[in-house]
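Here the structure comes first, spelled out in C-alpha cells, and everything after it is commentary.
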Amino acid sequence: MDNKAMDWSNLDFGYRKTNQRYVSNYKGGAWDDGYMTEDDTITMSECAGVLQYAQTVFEGMKAYTTEDGRIVTFRPDLNADRMIDSAKRLEMPVFPKDRFIDAIEKVVSANKDFVPPYGSGATLYIRPYMFGISPVIGVKPAEDYQFRVFTTPVGPYFKGGAKPITIKVSDFDRAAPNGTGNIKAGLNYAMSLHAIVTAHKEGYDENMYLDPQTRSKVEETGGANFLFVTKDNEIVTPQSDSILPSITRRSLVQVARDYLGLKVTERPIDISELSDFAECGLCGTAAVISPVGKVVDHGKEICFASGMDEMGPITKKLYDTLTGIQMGRIEAPEGWIHEIV
C-alpha cells in the first residue's frame, strides 16, 4: 500500500493494510522468538480453538506524531498488563510484557511511514491479539497459540468534531456476574453486536448496559467506560467487577485530579441518578471521550445539562488535556509517553 497516496485529513476509521506485522507462535509450552512479515494472511486448522470456542483476546492502542515530530505510543505497559489478565482468564499462555512492548516498537517502527502527520486528525491504530490455533473439538483450551500485531492508519472517530450522541438503556446484558466482562476478550464484543445493531436500527448511537444482577446500576457500553460530571464539577465513574478497566478512563481520572484539580469518585451509580449529572462521556481509545447528550430509558428521556450541541465544558477540558499530553503539547506524567525510534 502506498502511504503517499493517502489523504490523511479525510481518512475514516477503517482498516488499511500496512507493510509489516509481528507474529510469534506458542508451541510445545513456549513462545518462539517471533518475526516480522509482510504476509497479512493466517493459515489454521478448520478446528482451531479460536474458531470453535472463541479463545481469543486483543488490545487496541495508537501511535501518534507529536508536535515536535516524534512518533510515540500511549501507555503500552498498561495494554500489556491487561492482555496478561485477559489471557489468564481464558486459560491462554501469557505473552511476556517486555516482549509485548518490543513487538509494538518493531511494528510501529516498520510502518512509521503510515503514522499520520501531526495536526491531520489521524493516527496509526495498533491491534495486538492472541488466539488458540491448534485443533480443539472437546471443550478445553487449545495447546498452541499465535500472538500477532498489525497496524492501520485511521481517521478521527468523529468527523467535524465530537457531537453529543444519544444512547438507550439496553434490555440485553453485557456481562454475567463473575463472568468475563472485566477482560478484553473477543467473545464479549461478539455478544454485543446484536444489541448495537438493534440500537442503530432504533435510531440510537450506543447502548447503556446495566449490572446483570439487579439491572439498576450503570456499567458501560459495548466498548467504552462511562464518565459523569456532577453539577458542581465532580467526576464520577461507575464501580463494578464486570467493567473493563479502560486505560483511557484511568488516564482521564488522573488528568482530572492532577491537571484540573477536580474531585474524582469511583462508586456504584444507580440509573435513577442520571438526571442529577450535568455531563456524560464515553471513554475509549478510538475517540478519547464521546460526549453523551441524552439517555433514553424505555421511552423516558434523560437529558444532560450540557445539551446536544457540543461537548460539555468539563468533558472538553479533559479531552483537550489528554489529547494535548498524547500529542506532546502538554507535559506528560512519567512513563505515559513511549517514544518509537
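The values are calculated or read from the model by the stated rules, or taken from the named source; none is laboratory data. These figures come from a predicted structure and were not determined experimentally. Positions of Cβ are generated from backbone atoms using ideal geometry, with glycine treated the same way; all protein chains shown enter the neighbour counts. Keep in mind that these areas ignore ligands, DNA and RNA; they rest on the heavy atoms of the full protein, side chains included. Shrake-Rupley method; radii C 1.70, N 1.55, O 1.52, S 1.80 Å.
Label-point separation (nm) for LYS97 and LYS263, each offset 7 Å from Cα along Cα-to-Cβ?
Each label point lies 7 Å from its Cα, and together they span 3.4 nm.
Based on the mean of other beta carbon atoms within 10 Å per residue, what is the order of 218-224, 288-294, 33-39, most packed first?
288-294, 218-224, 33-39
Taking the Cα-to-Cβ direction at PHE13 and at THR66 and moving 7 Å from each Cα, how far apart do the two end points lie in nm?
A separation of 2.5 nm, rounded to one decimal place.
With n ≥ 4 as the cut-off for DSSP H runs, can you work out [θ] at 222 nm for the chain, using -39500 (n - 2.57) per run divided by the number of residues, rounded to the nearest 500?
Calculated at 222 nm, the ellipticity per residue is -7000 deg cm²/dmol.
With the other protein chains left in place, how much accessible area per residue, in square angstrom, belongs to the chain at a 1.4 angstrom probe?
45
Going by a ≥ b ≥ c, the root eigenvalues of the Cα gyration tensor, does segment 53-183 fall in the rounded group (a/c under 1.5), the prolate group (a/b larger than b/c) or the oblate group?
It comes out oblate by the Cα gyration axes.
Could you estimate the translational diffusion coefficient of segment 203-333 from the Stokes-Einstein equation, with Rh from the Kirkwood formula over C-alpha pairs, at 20 °C and 1.002 mPa s, in whole µm²/s? Show your work: numbers first, answer last.
Numbers: Rh = 14.9 Å.
It diffuses with D of about 144 µm²/s by this estimate.
Between segment 36-55 and segment 59-132, what is the C-alpha centre distance in whole Å?
Using only Cα atoms to place each centre, the spacing works out to 20 Å.
Carbon and sulfur atoms: what percent of the 1.4 Å accessible area of the chain do they account for?
Ligands and nucleic acids excluded, carbon and sulfur reach 49 percent.
Which net charge results when you count Lys and Arg as +1 and Asp and Glu as -1 among the other residues whose beta-carbon is under 12 Å from that of ASP276?
Cβ neighbours under 12 Å give a net charge of -4.
Report the net charge of residues surrounding MET92, where surrounding means a beta-carbon distance below 14 angstrom and charges are Lys +1, Arg +1, Asp -1, Glu -1.
On the way: positive: LYS27, ARG82, LYS88, ARG89, LYS140, ARG148, LYS184; negative: GLU59, ASP85, GLU91, GLU143, ASP144.
Every neighbour counted, the sum reads +2.
If packing is taken as the average number of other Cβ atoms within 10 Å across a peptide's residues, how do 71-78, 23-30 rank, most packed first?
Descending packing order for the listed peptides: 71-78, 23-30.
Need one word for the chain: rounded, prolate or oblate. Basis is the Cα gyration tensor (sqrt eigenvalues a ≥ b ≥ c); a/c below 1.5 gives rounded, then a/b vs b/c decides.
In terms of gyration-tensor shape, oblate.
Find, among the trypsin sites (Lys or Arg not before Pro) in segment 247-279, those assigned to loop by DSSP (not H, G, I, E, B) with at most 15 other beta-carbon atoms within 10 angstrom.
LYS263
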